[in-house]
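Readers should treat all values here as calculations from the given coordinates under stated rules, not as data from a laboratory. Everything quoted here is computed from the prediction, not taken from an experiment. In this analysis, Cβ positions are derived from the backbone assuming ideal geometry, glycine residues included, and neighbour counts consider all displayed protein chains.
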Amino acid sequence: MFDGLRLPVIAAPMFLISGPDLVIAACKAGVIGAFPTPNARSIDQLDDWMTRIRAAVGDAPWCANLVTHSSNARLPQDLEMVAKHKPPVVVSALGSPAPAIAVVQGYGGKVLADVTSITLAKKALQAGADGLACICAGAGGHTGALSPFAFLRAVREFFDGPVVLGGGISDGWGVAGAIAAGADAVYMGTSFIAAQESMAPPAYKDMVAAAGVDDLLVSPAITGTAASWLIPSLLANGLDPRNMPDAPGRAYDSGQSFKGKRWADVWSAGQGVGAVQGVEPVAQIVARLARDYTAARARFAPAMQA
Ligand SMILES: Cc1cc2nc3c(=O)[nH]c(=O)nc-3n(C[C@H](O)[C@H](O)[C@H](O)COP(=O)(O)O)c2cc1C
């Protein structure tokens, strides 16, 4: 699944942020580009986006992210588009991978299940997932709580297939660390929010570039599930980070909550946010990741000879 890449990285899918421009730029830079299907506001738009991506990336692997939670009424239609355009990788999130398995494996694609615990990892594999995206503490969006080292080692006790590790990994040093620890690839979202090709509004990109790891709050108050929020955007929406409202029922779309819209008005980032210094093209971000990845790998060579 990760053969032939310049770097074992998936530019992770992000709601309202990842679209065809980001996916195509990521694939051309030598990593896997991904987008959540709900970012296309209609099935016709999803059809257009997937047509564009396929034409632009050729044989390079790209990835569609399906929200398999029961709240996603469009899932059957999204799956039809997946069957039509055959993304080589599909990641299921916020629900079981089961609805995607037959369709994706039917055309030779691979299904990764986004999971935050050992229980969910085992369930996803029992449902037939080909691999796991293990989301750990420090992730942007809906975050996990486990240490990446602990999560990875626990998963390797029962699974030797593809594992992608995500959460706060924002440079080539972290990518090398994840691979050395036993992952097959790294899932990186926050690092691409401020990319030139991302659909994030300019003020969001500027906030990410200015923020550091202390500017984050993990709270279930916005969507009903723990997610990592930029404190300046909470304040800008009249929310008090020291006194957040009670968590609502689960609501993952961009509908109304508090006085603003989830994701559209209140912005998320993960603990890698400090590594983002400004708006840059994806090609430049990936080139820096590749340079630091090579430098990090070189650190092992003398140690091996000792
Ligand atoms: C703003 C934002 C939106 C996200 N939206 C989604 C999404 O729609 N679907 C999904 O599976 N993951 C989503 N994620 C999570 C990412 O796919 C990935 O797990 C996470 O960004 C990895 O951690 P990192 O941000 O520390 O690199 C989102 C993350 C961010 C920062």
Report ³J(HN,Hα) in whole Hz for each residue of region 107-123, in order, from the Karplus equation J = 6.51 cos²θ - 1.76 cosθ + 1.60 where θ = phi - 60°; Gly and Pro get x. 9, x, x, 10, 10, 9, 9, 7, 9, 10, 8, 5, 4, 5, 4, 5, 4
Cross-link candidates for Lys122: which aspartates and glutamates have Cα within less than 19 Å, leaving aside residues fewer than 8 places away along the same chain? Asp114, Asp130, Glu157, Asp160, Asp184
Could you pull out every residue, at least 5 positions away or on a different chain, whose amide H is within less than 5 Å of the one on Val266? Hs are placed 1.01 Å off N in the peptide plane, and Pro or chain starts have none. Lys261
In whole angstrom, note down how far apart the Cα centers of region 200-220 and region 247-281 are. 8 Å
Using Cα pairs under 8 angstrom and six or more residues apart, how large is the relative contact order of region 1-143, in percent? 17 percent
Need one word for the chain: rounded, prolate or oblate. Basis is the Cα gyration tensor (sqrt eigenvalues a ≥ b ≥ c); a/c below 1.5 gives rounded, then a/b vs b/c decides. rounded
Non-local residues with an amide H under 5 Å from the amide H of Ala145, with H modelled 1.01 Å from N and Pro and chain starts lacking one, are Ala137
Can you list the residues, at least 5 places off or on another chain, whose amide H is less than 5 Å from the amide H of Ser257, using H built in the peptide plane? Arg262
Lys and Arg at +1, Asp and Glu at -1: add these up for the other residues within a Cβ distance under 14 Å of Leu234 and post the number. 0
If you put +1 on each Lys and Arg Cβ and -1 on each Asp and Glu Cβ, how big is the dipole of region 202-261 around its Cα centre, in Debye rounded to 20? 160 debye
Of the chymotrypsin sites (Phe, Trp or Tyr not before Pro) in region 85-191, those whose Cβ has at most 10 other Cβ within 10 Å and which sit in DSSP loop: Phe158
So what are the ³J(HN,Hα) numbers for region 11-26, from phi and the Karplus equation (6.51, -1.76, 1.60; θ = phi - 60°), rounded to whole Hz, Gly and Pro as x? 6, 5, x, 9, 4, 6, 10, 8, x, x, 4, 5, 4, 5, 5, 5
Mind listing the phi-derived Karplus ³J(HN,Hα) values for region 278-286, rounded to whole Hz, using 6.51, -1.76 and 1.60 with θ = phi - 60°, and x for any glycine or proline? x, 7, 9, x, 3, 4, 6, 4, 5
Place a +1 charge on the Cβ of each Lys and Arg in region 210-306 and a -1 charge on the Cβ of each Asp and Glu, then give the dipole magnitude about the Cα centre in debye, rounded to the nearest 20. 280 debye
For region 154-306, what does the relative contact order come out to in percent, with C-alpha contacts under 8 Å and a separation of six or more? 31 percent
Considering only Ala210, Ser228, Ser254, whose Cα is most displaced toward the positive end of the charge dipole of region 202-261, charges sitting on Cβ of Lys, Arg (+1) and Asp, Glu (-1)? Ser254
